[in-house]
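Contents: one structure, followed by commentary.
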Protein chains: 4
Amino acid sequence: MTDSTRRDFLQTSVAASLLAATSVSAAAAAANDKPATRFVSDHQHTPVPLPFDPQALNGISEKLVQSHWANNYIGSVNALNSVRGKLTQALSDASTPAYLYNGLKREQLLRTGSVILHELYFSNLGGSGRADAELRSKIANSFGSFDVWETEFRKIGQGLGGGSGWVVLGYNRTLRLLENYWMADHGTAPIDTTPLLVMDMYEHAYQMDYGAAAAKYIDTFLANVQWEAVAKRL
Amino acid sequence: MTDSTRRDFLQTSVAASLLAATSVSAAAAAANDKPATRFVSDHQHTPVPLPFDPQALNGISEKLVQSHWANNYIGSVNALNSVRGKLTQALSDASTPAYLYNGLKREQLLRTGSVILHELYFSNLGGSGRADAELRSKIANSFGSFDVWETEFRKIGQGLGGGSGWVVLGYNRTLRLLENYWMADHGTAPIDTTPLLVMDMYEHAYQMDYGAAAAKYIDTFLANVQWEAVAKRL
Amino acid sequence: MTDSTRRDFLQTSVAASLLAATSVSAAAAAANDKPATRFVSDHQHTPVPLPFDPQALNGISEKLVQSHWANNYIGSVNALNSVRGKLTQALSDASTPAYLYNGLKREQLLRTGSVILHELYFSNLGGSGRADAELRSKIANSFGSFDVWETEFRKIGQGLGGGSGWVVLGYNRTLRLLENYWMADHGTAPIDTTPLLVMDMYEHAYQMDYGAAAAKYIDTFLANVQWEAVAKRL
Amino acid sequence: MTDSTRRDFLQTSVAASLLAATSVSAAAAAANDKPATRFVSDHQHTPVPLPFDPQALNGISEKLVQSHWANNYIGSVNALNSVRGKLTQALSDASTPAYLYNGLKREQLLRTGSVILHELYFSNLGGSGRADAELRSKIANSFGSFDVWETEFRKIGQGLGGGSGWVVLGYNRTLRLLENYWMADHGTAPIDTTPLLVMDMYEHAYQMDYGAAAAKYIDTFLANVQWEAVAKRL
């Protein structure tokens with residue numbers, strides 16, 4: 001086959017494969033919660049409940065936490081699940097322009113980021129805000145001191161005040177370093193990095209309780225960190 | 001300490017910590033290539049040589065490969081190393097506005113992405129373009145069939161033609177799925193994902209040889225994939 | 001001169017020109033509020049007061065409006081003025097890497113957008129929400145009907161809920177069309193376009209009063225539009 | 001009507017209006033090249049031919065110019081025209097999720113930027129590279145000197161080397177200043193600004209002739225500027 005006939009052939013066979021995959025996946029799903037074989041675009045993400053009592057955070061209101069979970073997180077889960085269906089449809093139609101297909105892939109990337117980051121965010125809240133000596137020492141090893149780490153983490157957060165974004169302490173697997181990352185939105189991220197501590201700086205994470213006072217929210221966030229969850233991720 | 005005196009204290013102690021860390025790191029570096037204790041902003045990335053004979057790619061010229069490595073990749077290594085120094089300086093000065101600090105963090109993120117993605121790209125080139133049965137089967141498990149995977153991978157690439165970006169087949173560690181990702185630039189990425197196969201769609205990856213014919217470049221890229229490297233990453 | 005000696009010469013003469021320009025500009029500024037000759041990087045933007053009584057909006061609280069003006073708008077004015085100084089400094093030093101210079105130019109672009117869009121936003125609020133027949137007819141001419149325009153304007157706003165962005169009805173001067181534009185942040189914008197009606201969809205524009213209910217905020221925004229201001233811009 | 005019944009009503013009437021608008025527009029188009037009444041989503045952009053002899057540029061090859069015009073510019077015209085049709089369809093279906101609608105609006109914004117910027121770029125090429133005294137003096141008035149302007153314009157361009165973007169000298173209508181702007185892609189732009197001189201820094205503007213040598217391309221671009229066109233825009 002030449003390359004271009006190969007491309008035609010590929011495209012022709014995709015619709016059939018997608019249909020077959022969908023049926024296999026549906027059958028598998030009926031038999032088993034996590035089937036080994038499934039078509040990625042059919043994957044439906046199941047929302048994770050809040051891992052702590054929303055009344056229990058010190059300085060973040062139950063109302064804000066509930067709204068954050070029910071609107072921003074669940075909204076992204078629903079959008080992600082819906083986008084997967086649109087991707088399946090769009091890929092099976094060879095006439096879909098590639099740039100429109102990428103509009104859907106962009107939405108998938110943003111929603112995947114939103115879903116995962118929100119799950120990490122909620123599950124690194126609900127703690128005492130005190131990291132144990134071992135973790136502090138590991139962080140100090142990468143940053144010179146725990147205080148340098150904290151100063152940078154706060155500064156990135158303050159710079160994101162008034163807009164969207166995330167601050168992530170991550171373990172970069174290629175560089176083998178703990179680093180803080182600035183992220184402008186759900187789709188900005190360091191490649192090949194395990195997220196350890198995740199702070200939401202979208203305004204929906206604090207405006208309802210703190211208005212524009214992002215620095216106060218950062219204080220509150222750090223005072224509620226569940227460092228045990230962070231240690232497990234590392 | 002109140003939160004705000006704590007912040008003042010933190011900031012005051014950072015300059016000292018940074019200086020100390022720098023000396024420790026310098027001393028450590030003198031004794032040892034990979035010291036256990038180092039300040040992250042001091043980390044200097046060492047460029048990785050081209051892992052294949054640049055004359056040996058089938059359909060990508062030596063001239064393009066050499067320029068890609070020497071200008072785009074090495075340019076990013078140098079910029080990343082230089083930005084780290086600027087970050088150390090800027091963090092030790094409490095008067096640096098947070099939004100200007102984040103300008104440097106954005107550059108760090110972009111250059112980190114560029115460095116890592118280019119290293120993955122070069123090291124997944126130089127092969128036969130044929131994945132073995134085991135890997136094809138793993139990919140088919142996630143996508144329904146290997147052809148569906150290839151069709152989507154190509155389509156994302158075509159949609160990025162004429163601009164910047166990357167296509168990445170990655171293993172999303174949270175979702176436990178193999179997925180293809182659209183990335184608009186070095187700083188767009190899926191969170192918590194191990195990159196497996198990386199295709200550069202910046203125009204410097206093909207314009208010199210293929211002009212605007214991005215689809216032909218994608219054919220050529222796929223024909224030169226070193227699938228053994230991809231399998232090792234998974 | 002060869003091109004490269006010309007570049008050297010240019011760079012050498014820039015520091016002198018910048019200094020001279022600064023003095024000229026300072027002298028001019030002493031004599032005249034809006035001097036004909038000034039160096040662009042010295043331009044200091046003067047904040048515009050709220051053009052309406054912040055207690056008078058129907059459904060947006062005085063507290064939110066005051067915070068929006070005093071924190072988000074004034075914050076951007078201050079940042080823009082400060083960035084200009086940094087640009088002057090950075091340009092006069094030939095050793096500034098171009099990618100770091102562009103970090104400042106990006107900040108200038110974002111802050112310029114924030115300042116101008118906020119001024120337009122505040123000055124198209126405080127009205128009755130009713131456009132007169134002439135304006136409705138002009139909008140209907142471009143969109144098929146006024147209702148089509150409103151439906152699209154609302155839909156773009158709803159899609160921006162939960163993040164950052166703006167919706168702008170603008171007159172595209174090249175295309176000679178009235179169009180609604182989606183903008184993801186202060187720096188996303190249609191080129192060569194006169195903004196007519198500007199709606200802030202950053203969460204600080206509504207979270208304090210409406211939580212995550214972006215659609216209700218859009219209702220309220222439209223009910224408070226000062227259409228006379230919009231008509232004047234057209 | 002309550003706000004929510006009003007929204008329902010609006011949505012119901014949109015499909016009808018869109019259909020009517022399409023017929024009116026078609027009828028108008030039959031009678032007149034530039035009808036006063038048309039539906040904005042039906043607007044089909046007519047490509048502008050290259051305004052100069054593609055063999056005549058000094059240092060940019062005919063092959064590159066032809067490819068740039070035929071692939072990158074015409075590709076965007078076609079995509080823009082196609083996206084308008086998709087927008088009309090998507091808006092008339094009330095069940096279209098707002099975030100998917102915005103995926104199309106984003107593409108419209110990017111393609112609108114690409115079309116307009118490319119037209120400005122081509123029409124400010126083909127000249128002698130020498131601005132007359134009056135224009136140089138106007139630029140010097142804003143920048144301190146013509147050399148400061150040129151130094152900044154070049155520096156922004158160099159910082160964009162190896163990726164995507166535009167450099168634009170524009171007249172900001174709100175600030176009443178001539179300023180140089182950094183643009184990361186077709187959809188990054190200063191609001192309320194008349195573009196005067198436009199330099200394409202996407203790699204397709206130079207890779208074919210200059211490889212990674214962006215600075216040489218900038219020299220060539222400036223030597224070919226049609227300053228008379230720039231003066232007319234101001």
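Projecting the Cα atoms of B:Leu222, B:Met201, B:Ser164 onto the charge dipole of the stretch B:133-233 (Cβ charges, centred on the Cα centre) puts B:Leu222 farthest toward the positive pole. For the stretch C:66-224, the relative contact order comes to 23 percent (Cα pairs under 8 Å, sequence separation of at least 6). Residue by residue along A:64-73, Cβ atoms of other protein chains within 10 Å of the local Cβ number 2 on average. Computing FRET efficiency as 1/(1 + (r/R0)^6) for D:Ile74 and C:Arg173, where r is the C-beta to C-beta distance and R0 is 22 Å, gives about 0.50.
Taking the empirical scaling 2.2 N^0.38 Å for compact globular proteins as reference, the stretch A:133-233 has a Cα radius of gyration ratio of 1.05.
Centre-to-centre, using Cα atoms only, the stretch B:220-234 and the stretch C:179-203 are separated by 43 Å. Spin-label model, C:Lys216/B:Ser128: points 7 Å from Cα along the beta carbon direction are separated by 6.4 nm.
The overall shape of the stretch C:120-165, judged from the alpha-carbon gyration tensor, is oblate: a/c is not under 1.5, and a/b is no greater than b/c. Per-residue mean of foreign Cβ neighbours for B:135-146 is 5 (Cβ atoms of other chains, 10 Å radius).
Placing +1 on the Cβ of every Lys and Arg and -1 on the Cβ of every Asp and Glu, with nothing else charged, gives the stretch D:74-224 a dipole about its Cα centre of roughly 300 debye. Here A:Asp93 yields copy-to-copy label distances, from shortest upward, of 0.7, 5.5, 5.5 nm, the label point defined as 7 Å from Cα along Cα to C-beta.
For the segment B:171-179, counting C-beta atoms of other chains within 10 Å of every residue's C-beta and taking the mean gives 4. P(r) tail for the stretch A:40-198: Cα pairs beyond 26 Å make up 38% of the total. Between copies, the label points of B:Arg130, set 7 Å from Cα on the Cα→Cβ line, lie 6.3, 6.4, 7.8 nm apart, reported in increasing order to one decimal in nanometres. Which of rounded, prolate or oblate describes the stretch B:80-166 when judged by the alpha-carbon gyration tensor and an a/c cut-off of 1.5? Here the stretch B:80-166 falls in the prolate category. Taking packing as the residue-averaged number of other Cβ atoms within 10 angstrom, the listed peptides A:177-189, C:172-184 run from highest to lowest as A:177-189, C:172-184. Each peptide in C:195-205, C:66-76 was scored by the mean count of other Cβ atoms within 10 Å over its residues; highest first, the order is C:195-205, C:66-76.
Which entries of B:Lys155/C:Lys155; C:Lys155/D:Lys86; C:Lys138/D:Lys105; B:Lys105/C:Lys105 show an alpha-carbon separation above 19 angstrom in the structure shown? Cα-Cα > 19 Å for B:Lys155/C:Lys155; C:Lys138/D:Lys105; rest within.
Values quoted throughout were computed directly from the atomic coordinates according to the rules given, and no laboratory measurement underlies them. None of the values given here were measured: they were computed from a predicted structure. All Cβ positions, even for glycine, are placed from backbone atoms using ideal geometry, and neighbour counts span all protein chains on display.
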